[in-house]
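All remarks here apply to the structure that follows.
The values are calculated or read from the model by the stated rules, or taken from the named source; none is laboratory data. Predicted model only: the values in this text are computed from it and were never measured. Neighbour counts are summed over all protein chains in view; Cβ atoms, including those assigned to glycine, are modelled from backbone coordinates with ideal geometry.
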Amino acid sequence: MAQSTSPVHIQHSPALWAEHPDLAAGAVFAGRITPDADVEQRVAAYYARAQERLDAGPATGFPEIQAWRRTFAKMGLKPTQYRCASEALLRRFAKEGALPSIHPVIDLCNAISLAYAVPVGVFDVAAVAGGLEVRHATGAEEYLTFGGEIERPEPGEVIFADEAGRAHARRWTNRQSGRSAVRPGTAAVLVVTEALHETAQADVAELTKTLAEELGAVWSGPLDSALLSASMPRFECGRGDLNPHGVSTNRT
């Protein structure tokens, strides 16, 4: 799949920032992604960090997970029925000691998410129209499941929506769409991480830096990153304005 030259962006709506003033968010754009990279040792190192923390107590006691559970409850979702992505990964990892291998970029980002207990979403930018806004659904958006079915998020549900009105994630950090899932032909990804716990600002800053460093070290392609806030809510990486060497400014 050829890499698009049009820009991609991620932002949160003003309404979402107003409702969740403690939100911390970061994003990383990485290009020249390939499916044959060796990330085994890097993944193992983050697995070890996650296991060390789980040895001290279950994930349900982690402040990162508790904050998302409280947020889901406020949104009218049962926290034991709908879990943030990092809690779901931690539950599976605690039972099986590893996660299924999907694609090197997914395997690495999932392992980092485990270590930090913070949700990390990875989107194939070629499948995103214009960019993503984390906002409340109108009820008109379409969500493609991994099974190929079309769902319509409930009005008011927090989703990742692109400019074509397609939802790329439902219930905020609960479930991504099959539409922008990473595949063998994925050339560039937009990685998004969000947290709401007491030390989220510092933790997300460190996590975003870690993601950028790891993706840059493995693939050595175009790379850009930023932290998002209510005063600077939009991250736009110009896929078409990268310099001839394929390097853009890192803004974290």
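All but one of (1) of a type outside the set (K, R); (2) without any contact (Cβ under 8 Å) to a residue 24 or more places away in the chain; (3) closer than 17 Å to F123 by Cβ hold for A27; which doesn't?
Evaluating A27 over (1) of a type outside the set (K, R); (2) without any contact (Cβ under 8 Å) to a residue 24 or more places away in the chain; (3) closer than 17 Å to F123 by Cβ leaves (2) as the failure.
Filter the stretch 130-143 down to the residues that are hydrophobic (A, V, I, L, M, F, W, C) and under 17 Å from the mean Cα position of the chain (by Cα) and list them by number.
Hits for the stretch 130-143 are L132, V134.
Counting just the residues of the stretch 83-94 that are surrounded by 19 or more Cβ atoms within 10 Å (Cβ to Cβ) and in a helix (DSSP H, G or I), which one comes out farthest from the chain's Cα centre (by Cα)?
Selected residue: F93.
Evaluate the following for E194: is it touching a residue at least 60 places away in the same chain (Cβ under 8 Å) and of a type in the set (D, E)?
Yes: the conditions hold for E194.
Within the stretch 21-76, take every residue that is out of contact with any helix residue (DSSP H, G or I) (no Cβ under 7 Å at 6 or more places or on another chain) and aliphatic (A, V, I, L, M) and give me the one that is farthest from H197 (Cα to Cα).
Step by step, filter the stretch 21-76, then rank; the result is A44.
If only one of R83, R69, R170 is under 25 Å from P14 (Cα atoms) and either at pLDDT below 95 or touching a strand residue (DSSP E or B) at 6+ places or on another chain (Cβ under 6 Å) (or both), which one is it?
R170
Name the residue, out of T71, T34, that is in contact (Cβ under 8 Å) with a residue 60 or more places away in the chain, closer than 15 Å to V158 by Cα and either assigned to a loop (DSSP other than H, G, I, E, B) or not hydrophobic (A, V, I, L, M, F, W, C) (or both).
T71
Do the conditions hold for T60, that is, is it within 28 Å of E157 (Cα to Cα), surrounded by 13 or more Cβ atoms within 10 Å (Cβ to Cβ) and among the β-branched types (V, I, T)?
yes
Being part of a loop (DSSP other than H, G, I, E, B) and either of a type in the set (F, W, Y) or out of contact with any Leu (no Cβ under 8 Å at 6 or more places or on another chain) (or both) is the filter here; which residues of the stretch 187-202 pass it?
Selection gives A187, H197, E198, T199.
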